[in-house]
Amino acid sequence: MSERELIAMGRELADLGYCPGGTGNVSWRDQDDVVITRSGVDLYKLAAHDLVRCKVDWSTRRVREVAPGASKELPLHLAMHARVPDQQGFVGHVHSASGVSVSCLPAFSGKTAIPPLTPYFVMKVGEVPLIKYAVPGSQPQADAMFASESAAHTMLLQNHGLVSWAIRTEQLIDRIRESELTAATWLQLRAFENVNLLSENEQAELRNAYPQ
């Protein structure tokens, strides 16, 4: 069932225009395994034969058995899954236009690259920490993500793109969509001097009413 959900999720992210030119990758944690898209697959046409199963040593975040053809971004996916121990969740990594654009700018704050502009962003996403640039698919990139002190489930890779974890596919798509929409809004507003942001108290009220 979850492999079918993974395929549907990947196709929807592509349909939204978030994976141009065959970019982007998705995965699902199944107990000690991770099922991930193969390298270079076009998510728009994702099918069962495009999935690769990898056995993982979660204590080290390394693959126990070589899985030929797995996406080069596998270390990134393992890091995101490992941040939520023992949860059989999903990870999506996309190169959406506004998210990538914001990833090339200085972070809004030390906590988040995208500011708290709307209640929906705070309710669905919360914070999106900016992870310093490293070679895509490299272990240093994965280590920096895993070590982040943020409790956020969505991150922005500098000069690269968005990555998000969720226990349900619809929640993951909502997080990526809301991050992308808020990034687009921020790109339009950031040149203005007086932009209304949600206060810390307003954010706390939303987090209490809509826990992640």
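Derivation of every value follows stated rules applied to the coordinates shown; laboratory data play no part. On a predicted model such as this, the values are computed, not experimentally measured, just so you know. Methodologically, a virtual Cβ is constructed for each residue, glycine included, from the backbone with ideal geometry; neighbour enumeration extends over all protein chains shown.
Residues whose amide H falls under 5 Å from that of I131, counting only those 5 or more places apart or on a different chain, are L156, L157, Q158, with hydrogens built in the peptide plane. Shown is the FRET efficiency for K111 and F192, computed with R0 = 22 Å from the Cβ-Cβ distance and rounded to the nearest 0.05: 0.55.
Estimated from the Cβ-Cβ distance and a Förster radius of 30 angstrom, the FRET efficiency linking Y120 and S39 is about 0.30.
Computed from label points 7 Å out along Cα-Cβ, the spacing between C104 and N159 is 1.1 nm. For the chain, modelled as a GNM whose springs connect Cα atoms under 10 angstrom apart, the maximal fluctuation among P136, P85, P20 occurs at P85. Here the Gaussian network model covers the chain, with springs between Cα atoms less than 10 Å apart; of A147, A134, A107, A147 fluctuates the most. Taking the C-alpha atoms only, the angle from helix 200-209 to the longest principal axis of the chain is near 50 degrees.
Site pair S59 and E3 shows an inter-label distance of 2.9 nm when each label is modelled 7 Å from Cα along Cα→Cβ.
The region of the chain that goes longest without hitting one of the chymotrypsin sites (Phe, Trp or Tyr not before Pro) in a DSSP loop, each with at most 16 other Cβ atoms within 10 Å, is 59-132.
Only DSSP H runs of four or more residues enter the estimate; each adds -39500 (n - 2.57), and after division by the residues of the chain the mean residue ellipticity at 222 nm equals -11000 deg cm²/dmol.
Counting only DSSP beta bridges with both residues in segment 63-212, the antiparallel share comes to about 80 percent. Computed about its Cα centre, the charge dipole of the chain is approximately 400 debye, with only Lys, Arg, Asp and Glu carrying charge at their Cβ. One chain, two ends: Q31 and Q212. Fully extended at 0.36 nm per residue, the span grows by 62.9 nm beyond their Cα-Cα distance. Shown for I176, I131: other C-beta atoms within 10 Å of each C-beta, ranked fewest to most, produce the order I131, I176.
Which distance in nm do the two modelled labels at E149 and E200 give, with both placed 7 Å along the Cα-to-Cβ direction? Output for this residue pair reads 1.5 nm. Each Cα pair under 8 Å and six or more residues apart adds its sequence gap; the mean of these over the residue count of segment 1-160 is a relative contact order of 21 percent. Computed over the Cα atoms of segment 2-209, pair by distinct pair, the Kirkwood hydrodynamic radius stands at 17.1 angstrom.
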